[in-house]
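Chemist: There's a structure below that I have some questions on.
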Amino acid sequence: KIDRIKNEIETMSIANHPNILRMDECFRLGPFACIITPYAPYKSLFHLVVTQYPSGIPENIAVIIFRQMLQAVHYLHGVNIWHRDIKPDNFLVFDSHPEHPSIVLADFGFAKKFQEGELGNDFFGTPEYTAPEIFSGTKYEKSVDIYSLGVTLFVLLTARYPVPSFKTARDECKRRIRKGLLNYQLLVDMEISPDAVDLIRQMCRLDPTLRITAEDALNHPWIVSSQKENAMEGDISNALWEGENYQFEPPGV
């Protein structure tokens with residue numbers, strides 16, 4: 001846990017981007033390391049989906065949110081930081097207005113700054129969002145974040161996991177992830193646009209070397225075709241997520 005705390009403080013002190021949670025202060029208090037950040041009054045993106053969009057976020061709103069998520073990960077990868085726990089729970093909502101939602105990436109407990117060419121071998125993350133190569137026990141690189149982003153987009157659009165819940169069907173969840181058997185039929189049944197489905201497929205490719213990068217994803221037709229722009233500018237007031245123990249129901253498989 002000490003290493004995780006050090007990693008969290010180090011990565012937050014390096015990161016400087018409007019879509020990444022800012023660390024205003026850090027100090028020791030007895031046995032504790034205290035991190036002071038802005039406060040997020042609307043809690044997490046997971047909470048937003050569960051409470052306001054139980055059938056999934058409409059695409060015209062989801063694309064504004066997801067563009068910001070991509071920008072955060074693109075920035076981190078540009079400075080060789082891998083988050084390794086991308087999921088809706090770890091994005092905080094600063095503005096929940098449907099026309100200009102604003103989110104930031106938080107929770108850097110599993111994050112680490114890697115050297116060029118270095119590979120990861122630790123098992124980190126949340127099972128439903130974990131990349132196949134991590135479950136297979138092979139060394140991995142930053143594309144594990146891209147896979148998790150793809151699953152996150154699936155969840156935003158459907159409010160369902162693309163695999164059975166790890167909590168209720170552990171072995172089947174792992175099997176489907178390792179084989180790349182995500183429930184794309186659910187996207188078709190819910191009439192998600194072909195461009196959105198294509199982006200998810202490109203982010204969740206079984207072969208990590210074939211996954212789209214964050215930079216290329218920002219230029220994907222589903223992202224650039226939207227006329228809405230990121231409304232978040234300059235100073236964002238107030239944000240620290242207070243976790244909620246929500247669980248999505250798994251999609252029919």
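Chemist: Using just the helices of the chain, give the 222 nm mean residue ellipticity in deg cm²/dmol: DSSP H runs with n ≥ 4 each add -39,500 (n - 2.57), and the total is spread over all residues, rounded to 500.
Modeler: About -11000 deg cm²/dmol.
Chemist: Go ahead and run the numbers for FRET between LYS179 and ASN121, Cβ-Cβ distance against an R0 of 25 Å, rounding to 0.05.
Modeler: On the way: r = 21 Å, r/R0 = 0.86.
Rounded to the nearest 0.05, the efficiency is 0.70.
Chemist: At 1.4 Å probe size, with every protein chain present, just tell me what the per residue accessible area of segment 83-185 comes to in Å².
Modeler: 37 Å²
Chemist: Place a +1 charge on the Cβ of each Lys and Arg in the chain and a -1 charge on the Cβ of each Asp and Glu, then give the dipole magnitude about the Cα centre in debye, rounded to the nearest 20. It would help to have the intermediate numbers written out before the result.
Modeler: Values: 25 positive and 33 negative charges, 171 e Å.
Roughly 820 debye for the chain.
Chemist: If one computes P(r) from the Cα atoms of the chain, what percent of pairs lie at distances over 33 Å?
Modeler: 13 percent
Chemist: Right, another one. Between LEU210 and ARG28, what length comes free when the chain is fully extended (0.36 nm per residue of separation minus the Cα-Cα distance, one decimal in nm)? Could you put the intermediate results ahead of the total?
Modeler: Numbers: separation 182, 0.36 × 182 = 65.52 nm, distance 4.34 nm.
Contour length minus Cα-Cα distance gives 61.2 nm.
Chemist: Whose amide H sits under 5 Å from the amide H of ASP95, counting only residues 5 or more places off or on another chain, with H placed in the peptide plane?
Modeler: For ASP95, whose amide H was placed from the backbone, the distant partners under 5 Å are SER102.
Chemist: Next question. If you plug each phi of segment 14-21 into the Karplus form 6.51 cos²θ - 1.76 cosθ + 1.60 with θ = phi - 60°, what whole-Hz ³J(HN,Hα) values come out, in order, with x for Gly and Pro?
Modeler: These are the phi-based 3J(HN,Hα) values: 7, 5, 9, 8, x, 9, 10, 4 Hz.
Chemist: Where the accessible area of the chain is counted over protein heavy atoms with a 1.4 Å probe, how much of it, in %, is carbon and sulfur?
Modeler: Percent of accessible area from carbon and sulfur atoms in the chain: 49.
Chemist: At a 10 angstrom cut-off on C-beta neighbours, averaged per residue, how do the peptides 122-129, 184-191 rank from highest to lowest?
Modeler: My ranking of the peptides, most packed first, is 122-129, 184-191.
Chemist: If you don't mind, another one. Any chance you could check the Cα centroid distance between segment 79-149 and segment 19-63 for me, in angstrom?
Modeler: Each part's Cα centre sits 15 Å from the other's.
Chemist: So, one more: Keeping every protein chain present and rolling a 1.4 Å probe, give me the accessible area per residue for segment 12-68 in Å².
Modeler: Ligands and nucleic acids excluded, the figure is 49 Å² per residue.
Chemist: In whole Hz and in residue order, list the ³J(HN,Hα) couplings for segment 98-109 that follow from phi through the Karplus curve 6.51 cos²θ - 1.76 cosθ + 1.60, θ = phi - 60°; x for Gly and Pro.
Modeler: With the stated coefficients, segment 98-109 comes to x, 8, 8, x, 10, 9, 9, 8, 9, 6, 9, x Hz.
Chemist: Using the Karplus equation 6.51 cos²θ - 1.76 cosθ + 1.60 (θ = phi - 60°), what ³J(HN,Hα) coupling, rounded to whole Hz, does each residue of segment 78-85 give in order, writing x for Gly and Pro?
Modeler: These are the phi-based 3J(HN,Hα) values: x, 10, 6, 10, 10, 6, 6, 8 Hz.
The values are calculated or read from the model by the stated rules, or taken from the named source; none is laboratory data. Note that this is a predicted model, so its numbers are computed, not measured. Positions of Cβ are backbone-derived with ideal geometry, glycine not excepted, and every protein chain shown enters the neighbour counts. The protein model used for the area step is the full one, side chains on, heavy atoms only, and it has no ligands, DNA or RNA in it. Shrake-Rupley method; radii C 1.70, N 1.55, O 1.52, S 1.80 Å.
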